[in-house]
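Presented below is the structure to which this report refers.
The values are calculated or read from the model by the stated rules, or taken from the named source; none is laboratory data. Note that the structure is a prediction, hence the values are computed from the model and not measured. Virtual Cβ from ideal backbone geometry, glycine too; neighbours counted across all protein chains shown. Accessible surface areas use protein heavy atoms only, side chains included; no ligands, DNA or RNA. Shrake-Rupley method; radii C 1.70, N 1.55, O 1.52, S 1.80 Å.
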Amino acid sequence: MAVKEHIKEQTGSRVKPPTRYQVLIYNDDFTPMDFVVDILMEIFDKEESAAVTLMMSIHKGNFAVAGIYPRDIAQTKASEAVSWARSQGYPLKVEAVRQT
């Protein structure tokens, strides 16, 4: 009987949600604005108007948050964006950082 009670106690525990990561896109003087908009639309599933607004935020500041995801998804999206930029010869910096 004690074993059944112990199992019931274990199954009643709460599962912690995954740690969230922000994907940051940084401003640079070489990557074209249109290319950044394309990345935001294709990789981060932004609508065109939202992508343009976010791109302008990146352009006017040092960086902006493209999205917030679980770690694996954030790292994959950041890696895809950097790979695409490098394939086009752009030095775009994109990274996944733990949300605080």
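Each Cα pair under 8 Å and six or more residues apart adds its sequence gap; the mean of these over the residue count of segment 24-81 is a relative contact order of 44 percent.
Amide H contacts of Gly67 (H built 1.01 Å from N, in plane; Pro and chain starts excluded): Val23 sit under 5 Å, all sequence-distant by 5 or more or on other chains. With contributions of -39500 (n - 2.57) from each DSSP H run of at least four residues, the per-residue ellipticity at 222 nm computed over the chain stands at -15500 deg cm²/dmol.
Heavy-atom surface analysis with a 1.4 Å probe gives segment 18-81 a carbon and sulfur content of 49 percent of its accessible area.
Residues of the chain: accessible area per residue at 1.4 Å, in Å²?
On a per-residue basis, the chain sits at 70 Å².
Neighbours of Leu92, meaning other residues whose beta-carbon lies under 15 angstrom from its beta-carbon, give a summed charge of -4 when Lys and Arg score +1 and Asp and Glu score -1.
Do me a favour and compute the ellipsoid semi-axes for the chain from its Cα gyration tensor, root of five times each eigenvalue, largest one first, whole Å.
Result for the chain: semi-axes of 40, 13, 11 Å.
Length gained on full extension, Arg14 to Phe30: 1.0 nm, using 0.36 nm per residue less the C-alpha separation.
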